[in-house]
Each structure stands twice: as C-alpha cells, then as structure tokens.
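Take a look at the structure below.
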Amino acid sequence: MDPYAKNASVPLRRQLSLATFFSATALVLVGFGLLVMNDTPRSYEELDREPTIASPAENGVASGSIPSYTADEQPKFADFAKIPVVDYLTEEQRIELDDYERQLDEEGYGQCHSIVEPMKELPSIPIPRSWYQSCMDAKKGGDPEKAKPVYIFVMGRPFSGTSATLGLILSAPEVTNLCQLRERPFSGTSATLGLILSAPEVTNLCQLRDEKLPECEGVKRIAPPETNTWGKKWPKDFQSDVIEQYEDLWNDRSKCIRADKSLPYSVKIEQMVDELIDRDDMRVAFAFLTRSACSKSVSDSLTKLGEYVPEYEFLLKRNIPVIHLRYEDYFANLPRVEERLNEWAGSFKVTSKLGYTEFSPEIKDIMNGKQRKAKPLSTFVAENPLHTLQRNDTVQIASEDLAALSYFGYTLRPYAA
C-alpha cells in the first residue's frame, strides 16, 4: 500500500490556485489571443536599440493573474510581490507540482525530488555591449567622469553556488572585485573549545590553519557592526550606504566592470532598482543562484526561494540584465554554464580553468592548495559528479519553496535510485 495514499487528492490550496489559474487564463486568451513562449534571449542589438517589456507568456509563465503593462507604463515590484508563487507556473509545472505534493505526508515530508534529471533554463536579459564600450571609450577619451561602470551583483542563499559564479566572472580580466584578506574570526565556539582544550587530559583533532582567509563579500566590509544586513532597515540608501562606500575598496577602479557577491542584497531588489537604476541611472546587472534542499549541503539555509520568484519576474519585465543559474547546473553541464554566462555578459569571457585571478599575490600564496576555492572550478566539478550530490532520503520543503523550485526549472519527481 502506498504510504502516501491518504493524500491522493489534490490539495485544497492547489484546487483554489488551479481554479484561479484556468479562469484567468481563459480571460487572457479571449482578450489577447494565444501568446507563444519564446525561450531565446534578446540580442544585445535589440536591447540597445529599443528595449521592450516582456510578457509573462514570453517568459514561460502561463498565469493571467500577472499584471500586464503597456509600452509606456513602468512595472511596479509591488504588483509582482503580492502574487502567489504558484501563479507564476505554467500548466505543466502546476500538474507536476500537484503530483509531487500528493506524495507528501501531513507534515510535508516526502522523498527527495531528483536533481539529476534535465532542468529547464529560464529566460535571461543580456548585458548590453554598449555599456562596457561606452565606459571604455570615455576612459580612453580622457573623460573619466562620463565613464559609467557596470555593476554585477551575484545573488543567492549561502552555499547556493554564488562563490563559484563570482569566481567565473572574476576569471575575466575586464572585471574587478572587492576581495581582500581578513583575519579569521574568533567565534564563541572557538573560545569555548579553547577553554576545554586547556585541560591537559583532553585530546583533540585540531590542526594548524591559516590565520587569514580571502573575503569577497562587500557587505561584510561596509555594514556597521551588529547590523542585520538581511533586514529592511539597512541600507537606508544604496547609493550612499553601499556604492559610495565601495568606491575606495575596488581592487582596480580603472576597470569598467565591477562584481560583488553580497548575499543579503538578494532580498533588496526593489530598493536597488528604485535607487540605483531609476533614480541614479546606474548600469546594474544581476546573477541569481538557486540550490535545492535535495542537493547535499552543509547548510540549512536553502529555503525561502519563493522570495526570488517575483524579483526575477520583475527584472525580466523591466528588461534589466539578469540571469539565473542553479548550483546543480555546474555539475550537470559546466561548459553550458560558461556558454550562458558568456552570452549574457557579451563584453567579456569567463573560464572555469582558472581560480580567482584578481587576488593579490599574498592571497594567492595563502590559498595555493589549502582552500577549496583555490582549485579551478573545472577540477572541483570533475571530482564531484552530479549524482554524488543527490540526497536519497525524505525531506521537508515548504509549499512555496516547492513552487519556486518548479519555477526555477527543477524537476519535481521523486528520486529513484
């Protein structure tokens, strides 16, 4: 007997969502005609010449509850944030989600979904070539005041592949960063362990380690002490509290592309767009990373993916440069990840054959052979095939996170060894 048979009917929240979906979709089809999904990213030339507002159907979304805008209207993030994540899914994704949820027990536990099956790619908005070129032209023309740099922010939860993505981006010589050496923090657990080990009869597994580590997250260098950087109270203004604080920290300010991996910014997209893009006319691009809880991890933080769905849709709708990558993509098909990043970046080329290339010589010496991130990404991936990351047990994932996993292209089918 199927242990999950007691939940064989479609969950009530799915029944309501499906009813809303089919009613709204019918109205959209009658009013606007059938839209065809287009998975091809916009060309740089098209984006430079005449930016267009993408429709939900063009982005692979099949819900009529998502607001539509005319060409002269500016999409508002609040319109996207109030929509349930499930309403961003296609009909096919909804069916797959419902089938998976039927197998969950009353507390939401069920067999891990497969991460080794092929995954779907979300649309992306490329960085216009003209951004980099105009910056370089201004620098070469002796007018640095008109040289507007391109800012790339790598977004995601801890252990979702953000370091790998930043490392790939930094492999391009045109990109600068905020990396520096930092002292190893003396945490409370380290202090407690030190007291215990002061007793001569206690043995341990401790080994001598480096006194310093490389730090590439800009937020850790500028946020005031005791600040909840994931909260809504900081920063008060992204220009004065972040960008201006970064100015003297970039390792090479002569470069036109600046990349930062500050994870708390991933829940502050609305503020960044409002202040940096709409108000200050800055050139900003975003790289989103996701990872499933069914991928073996040392972290319990791979949740709240539902927060990223309206942010990603909002950026697509605004034609703001954005790309989505999954942690699992690196192990499934690293060459394709490189290809997608190069198509997206346009003005620079990344390679997985190198480690972080812009560390100071001192940092390179410390990392050489002693830190996992010192390895070329291609080497690390080759040593860890995708199937070795698959969890083959039960897992509890919130309903909104399951819907987000489906949106971001994961296959929601129980893994069968």
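Readers should treat all values here as calculations from the given coordinates under stated rules, not as data from a laboratory. Note that the structure is predicted; figures quoted are calculated from it, not measured. Here the Cβ positions follow ideal geometry from the backbone for every residue, glycine too, while neighbour counts run over all protein chains shown.
Quick rundown of the values:
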item: Rg and Dmax [Cα atoms of the range 74-155; Å; Rg one decimal, Dmax integer]; result: 22.1, 67
item: Alpha carbon convex hull of the range 241-292, volume per residue in cubic angstrom; result: 105 Å³
item: Packing-based ranking, highest mean first, of 96-103, 155-162 given that Cβ atoms within 10 Å are counted; result: 155-162, 96-103
item: Segments 144-151, 259-266, 228-235, 344-351 sorted - mean Cβ within 10 Å per residue, highest first; result: 259-266, 344-351, 144-151, 228-235
